[in-house]
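Heads up, the thing below is written out as structure tokens.
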């Protein structure tokens with residue numbers, strides 16, 4: 001009974017936030033857009049926050065999250081940045097289109113989209129919906145939402161990155177999307193909603209990074225939808241580098257059509273609690289879906305990676321590789337599900353999850369699942385958990401290499417499997433730097 | 001029709017070969033379950049007062065519990081009041097030789113393929129046959145007694161060695177452990193009790209055959225095996241049930257206690273009635289099996305071949321508490337028609353340098369669903385522990401499903417854990433290769449499946465390995481016309 005009460009009061013708290021958010025919308029509250037928000041909030045209230053009794057949240061406890069009261073980004077004073085302030089957060093060395101979001105709100109001043117061709121849209125969701133309101137239906141598939149936290153994002157959606165690539169168009173330069181999150185004093189609730197639509201025979205590379213500019217607690221509640229039409233090629237990089245007080249929950253929905261190829265790279269470094277959820281649905285034949293992941297945890301970080309690949313049609317290939325290093329008291333979770341439906345014959349699905357524990361108090365919970373209903377398939381999954389190889393260590397030491405350096409060499413060897421799959425050459429070294437910087441090890 | 005489809009179709013058509021009903025008068029409790037039922041069973045078995053209380057405690061807890069919903073199986077709700085909880089053959093024989101046993105009963109055993117006499121002479125297997133809940137005859141009792149080994153039914157053990165039973169019963173699976181374990185604790189009718197004293201190596205393989213015979217009686221046995229320091233025992237369990245329309249519930253509990261330097265090898269061949277081709281009838285097999293390696297250097301090994309039951313739901317677990325202890329799990333689970341299996345193991349590493357191995361082979365055919373669900377947990381103090389898991393699935397036909405749900409929870413950095421799983425089908429190229437060597441498709445499929453299961457079969461005791469292979473062969477026979 002008490003538990004129900006606690007839950008109710010929690011929902012009420014968020015309902016209060018939602019009312020304030022509505023009040024601040026300035027007449028927009030009659031719009032179609034807002035109706036979908038209200039609908040999403042209804043779904044959220046019905047579902048409530050997941051508890052550890054929910055199988056999908058078995059290893060991730062939100063108790064610490066519930067201790068905080070968050071204020072939505074729309075209600076706080078805008079944080080002002082100068083162009084030079086954002087330099088250090090950017091990935092450099094290659095030409096790119098730049099979109100910058102400050103606490104989830106598009107900043108035209110800081111962004112630098114540059115020249116784009118006809119019908120290509122790179123900008124903010126707000127602007128896109130003004131131009132093409134009919135896309136709204138594409139944005140909210142609210143009703144079938146089963147995740148409360150995604151519904152919460154939908155309810156509070158204001159803005160996000162929107163990238164629309166028309167048929168037969170390849171965008172050569174990667175699109176860099178930079179999120180600058182946090183404020184000096186407020187615990188802010190940030191709700192970016194990103195939309196990536198790649199038309200037939202199109203191609204696009206997107207590089208998003210989530211960064212903190214303050215050390216304060218905040219809550220990033222992001223959703224990204226990727227639609228890859230026939231023969232489209234999408235590379236999606238996500239670098240999550242929030243501060244270690246932040247909460248980060250991000251759901252990526254990938255919908256793929258015939259012969260499309262989507263690669264997702266999820267590199268998770270920051271946050272006190274991070275949950276990266278990827279749901280890939282393969283809607284037609286001959287699809288390639290690659291999910292790569294790297295998670296590095298230290299101190300008291302909790303990093304949860306959830307992936308689900310739904311093979312609904314024949315002749316598709318999926319490949320998943322997630323690697324993690326956990327130090328100090330860090331807790332890692334990996335839950336990867338591969339569903340092969342009855343019609344999905346000739347499916348190739350590979351999944352691998354490898355974790356290294358560097359300290360006695362670090363822990364990992366791994367759950368690689370296969371659910372297979374078709375007989376002519378090749379599916380496998382593997383999971384290994386271990387520590388740095390003592391024999392390799394000994395070998396290196398006998399060659400006169402100091403322990404610290406030998407450690408770094410082994411770590412480098414371990415993470416390189418994922419880092420080397422990155423297709424933007426200039427990015428590799430910069431990611432490598434973040435890895436060693438985050439783990440406080442000698443960089444090699 | 002492709003050869004594969006034929007295999008599947010013919011598989012679906014083969015009948016249950018163990019379906020027959022033995023006509024022996026039995027004493028049966030009317031349907032229903034309440035405290036009186038529990039008291040009745042306890043009284044019927046002349047149990048001591050503490051045992052009755054122990055059962056009642058379990059029953060009261062059970063009433064508060066909810067049926068678990070998490071397994072990947074579907075079945076209509078069980079009406080626990082619609083089951084009779086006790087059935088015993090009326091003539092309760094107290095016999096010294098086999099001659100005195102009811103000949104009809106002996107004939108049943110004959111059909112079951114347990115020639116008591118022959119086994120006695122040739123294979124040296126001591127059988128404690130559980131026939132519809134009451135232990136009928138314990139063979140080789142005397143010979144074992146000389147070594148100090150206790151091998152009897154649990155109700156006898158309650159009379160002759162109450163202190164041992166009291167000490168260990170429920171120590172591995174507490175009577176309130178889970179819904180079906182609690183139900184079992186409340187109403188279990190009988191089962192086997194084995195105690196191997198210090199330093200004794202049991203000279204023969206011990207064996208129990210379970211058989212559910214009466215209409216609509218649930219079988220609730222309880223097995224308790226204690227291996228004291230430095231001892232060894234290999235225990236076999238085999239099960240069949242006659243063909244019945246109604247689903248029968250089977251909720252057993254098996255507890256193994258292994259002391260320092262001791263080893264238990266526990267093998268199961270389960271071929272209960274799986275229901276007919278339409279998925280009607282069959283046994284619900286909801287079992288709790290758990291072993292605890294209490295002392296250092298102890299070892300437990302579970303081997304199972306599961307081909308029967310409409311629904312199999314069991315996870316033999318190993319708690320590796322002692323340092324250097326070893327847990328092993330080898331399993332072949334074959335599902336056909338509408339059978340559902342949700343099975344696997346739990347390896348809980350608590351002691352230092354503990355090792356575990358999991359080899360699970362699932363084969364699904366027809367419209368069946370086969371799931372592997374397992375947990376590997378490495379505790380904070382389990383330094384240098386090691387686990388290797390391999391769970392493979394094979395699919396025959398496109399209407400069945402194979403699923404794996406492994407859970408891996410690691411709290412110690414010195415642990416090394418490996419898990420791999422693959423799903424495949426009988427390869428067309430493999431069949432083609434064997435065909436062109438003059439081997440018929442039926443034999444080829446047989447050979448491939450045998451090869452696939454070999455890793456598990458080689459861990460079965462000899463007599464069982466032969467039986468298990470025959471079982472699989474029968475399931476696969478007539479696969480090519």
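Can you confirm whether residue A:64 is loosely packed, with under 15 Cβ neighbours inside 10 Å, in contact with a strand residue (DSSP E or B) (Cβ under 7 Å, 6 or more places away or on another chain) and either in the same structural domain as residue A:153 (by TED's automatic domain parsing) or on the phi < 0 side of the Ramachandran plot (or both)? In short, yes. Taking (1) within 10 Å of chain A (Cβ to nearest Cβ); (2) more than 23 Å from the chain's Cα centre (by Cα) in turn, residue B:365 satisfies each apart from (2).
A quick yes/no check of all residues on (1) loosely packed, with under 11 Cβ neighbours inside 10 Å; (2) out of contact with any helix residue (DSSP H, G or I) (no Cβ under 7 Å at 6 or more places or on another chain); (3) within 27 Å of residue B:340 (Cα to Cα):
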residue: B:39; (1), (2), (3): no, no, no
residue: B:45; (1), (2), (3): no, no, no
residue: B:48; (1), (2), (3): no, no, no
residue: B:64; (1), (2), (3): yes, yes, no
residue: B:67; (1), (2), (3): no, no, yes
residue: B:78; (1), (2), (3): no, yes, yes
residue: B:83; (1), (2), (3): no, yes, yes
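Restricting the range B:451-466 to residues that are at pLDDT below 85 and touching a helix residue (DSSP H, G or I) at 6+ places or on another chain (Cβ under 8 Å), which is farthest from residue B:358 (Cα to Cα)? Per the stated criteria, the residue is B:463.
For the range A:378-394, the set of residues classified as more than 7 Å from chain B (Cβ to nearest Cβ) and over 12 Å from residue A:355 (Cα atoms) consists of A:389, A:390, A:391, A:392, A:393, A:394, listed by residue number. Just one of the numbered conditions (1) without any contact (Cβ under 8 Å) to a residue 40 or more places away in the chain; (2) buried (at least 24 other Cβ atoms within 10 Å of the Cβ) is not true of residue A:220: (1).
Residues in the range A:190-214 that are part of a strand (DSSP E or B) and more than 19 Å from the chain's Cα centre (by Cα): A:203 alone. Applying the condition of being in a loop (DSSP other than H, G, I, E, B) and more than 19 Å from residue A:192 (Cβ to Cβ) to the range A:19-38 and asking which residue is modelled with the highest pLDDT yields A:31.
Taking the options A:319, A:329, name whichever one is more than 10 Å from chain B (Cβ to nearest Cβ), under 21 Å from residue A:440 (Cβ atoms) and in contact (Cβ under 8 Å) with a residue 24 or more places away in the chain. Can you show your working first?
On the way: A:319 fails: under 21 Å from residue A:440 (Cβ atoms).
Exactly one of A:319, A:329 is more than 10 Å from chain B (Cβ to nearest Cβ), under 21 Å from residue A:440 (Cβ atoms) and in contact (Cβ under 8 Å) with a residue 24 or more places away in the chain, namely A:329.
Residue by residue through the range B:282-304, note down the ones that are surrounded by fewer than 24 Cβ atoms within 10 Å (Cβ to Cβ) and within 24 Å of residue B:470 (Cα to Cα). Across the range B:282-304, the qualifying residues are B:284, B:301. Would you be able to say whether some residue in the range B:422-429 is more than 10 Å from chain A (Cβ to nearest Cβ), at pLDDT 85 or above and more than 28 Å from residue A:388 (Cα to Cα)? Yes, the range B:422-429 contains a residue that is more than 10 Å from chain A (Cβ to nearest Cβ), at pLDDT 85 or above and more than 28 Å from residue A:388 (Cα to Cα). Of everything in the range A:83-134 that is part of a helix (DSSP H, G or I) and touching a helix residue (DSSP H, G or I) at 6+ places or on another chain (Cβ under 9 Å), the residue that is modelled with the lowest pLDDT is A:133. Note on the range A:164-189: residues that are within 18 Å of residue A:233 (Cβ to Cβ) and not in a strand (DSSP E or B) amount to 8.
Kindly evaluate residue B:370 against the criterion of being more than 7 Å from chain A (Cβ to nearest Cβ), outside any loop (DSSP other than H, G, I, E, B) and within 18 Å of residue A:354 (Cβ to Cβ). Before you say what the answer is, go through the steps one by one.
Details: more than 7 Å from chain A (Cβ to nearest Cβ): yes; outside any loop (DSSP other than H, G, I, E, B): yes; within 18 Å of residue A:354 (Cβ to Cβ): no.
Answer is no for this residue.
Might you check whether a residue that is more than 7 Å from every other protein chain (Cβ to nearest Cβ) and over 24 Å from the mean Cα position of the chain (by Cα) occurs anywhere in the range B:386-404? Yes, the range B:386-404 contains at least one residue that is more than 7 Å from every other protein chain (Cβ to nearest Cβ) and over 24 Å from the mean Cα position of the chain (by Cα). Can you confirm whether the range B:343-353 contains a residue that is at pLDDT below 95, crowded, with 23+ Cβ neighbours inside 10 Å and in contact with a helix residue (DSSP H, G or I) (Cβ under 6 Å, 6 or more places away or on another chain)? No, because not a single residue in the range B:343-353 is at pLDDT below 95, crowded, with 23+ Cβ neighbours inside 10 Å and in contact with a helix residue (DSSP H, G or I) (Cβ under 6 Å, 6 or more places away or on another chain). Among B:398, B:443, which is the only one that is surrounded by fewer than 20 Cβ atoms within 10 Å (Cβ to Cβ), without any contact (Cβ under 8 Å) to a residue 12 or more places away in the chain and either in contact with a strand residue (DSSP E or B) (Cβ under 8 Å, 6 or more places away or on another chain) or part of a helix (DSSP H, G or I) (or both)? Of the residues listed, the single one that is surrounded by fewer than 20 Cβ atoms within 10 Å (Cβ to Cβ), without any contact (Cβ under 8 Å) to a residue 12 or more places away in the chain and either in contact with a strand residue (DSSP E or B) (Cβ under 8 Å, 6 or more places away or on another chain) or part of a helix (DSSP H, G or I) (or both) is B:443.
Looking at the range A:195-206 only, could you name the residues that are closer than 19 Å to residue A:89 by Cα and buried (at least 24 other Cβ atoms within 10 Å of the Cβ)? Steps first, please.
Of the residues in the range A:195-206, the ones closer than 19 Å to residue A:89 by Cα are A:205-206.
Passing the criteria: only A:206.
With the checklist (1) closer than 20 Å to residue A:153 by Cβ; (2) modelled with pLDDT under 85; (3) over 24 Å from the mean Cα position of the chain (by Cα) in hand, flag the one item residue A:13 doesn't pass. Single failed check for residue A:13: (2). Taking the range A:350-376 as the range and being at the interface with another protein chain (Cβ under 7 Å from one of its Cβ atoms) and buried (at least 24 other Cβ atoms within 10 Å of the Cβ) as the test, the residues that pass are A:357, A:362, A:363, A:364, A:366, A:368, A:370, A:372, A:374, A:375. Within the range B:419-433, being without any contact (Cβ under 8 Å) to a residue 60 or more places away in the chain and under 19 Å from residue B:362 (Cβ atoms) holds for B:419, B:420, B:421, B:422, B:423, B:424, B:427, B:430. Checking B:249, B:320, B:256 one by one, the residue that is more than 12 Å from the chain's Cα centre (by Cα) and modelled with pLDDT under 90 is B:249 and no other. One residue stands out in the range B:370-385 among those that are crowded, with 24+ Cβ neighbours inside 10 Å and more than 17 Å from the chain's Cα centre (by Cα): the one that is nearest to residue B:451 (Cα to Cα), namely B:376.
The values are calculated or read from the model by the stated rules, or taken from the named source; none is laboratory data. In this text the structure is predicted, and so the values were computed from the model without any measurement. Positions of Cβ are backbone-derived with ideal geometry, glycine not excepted, and every protein chain shown enters the neighbour counts.
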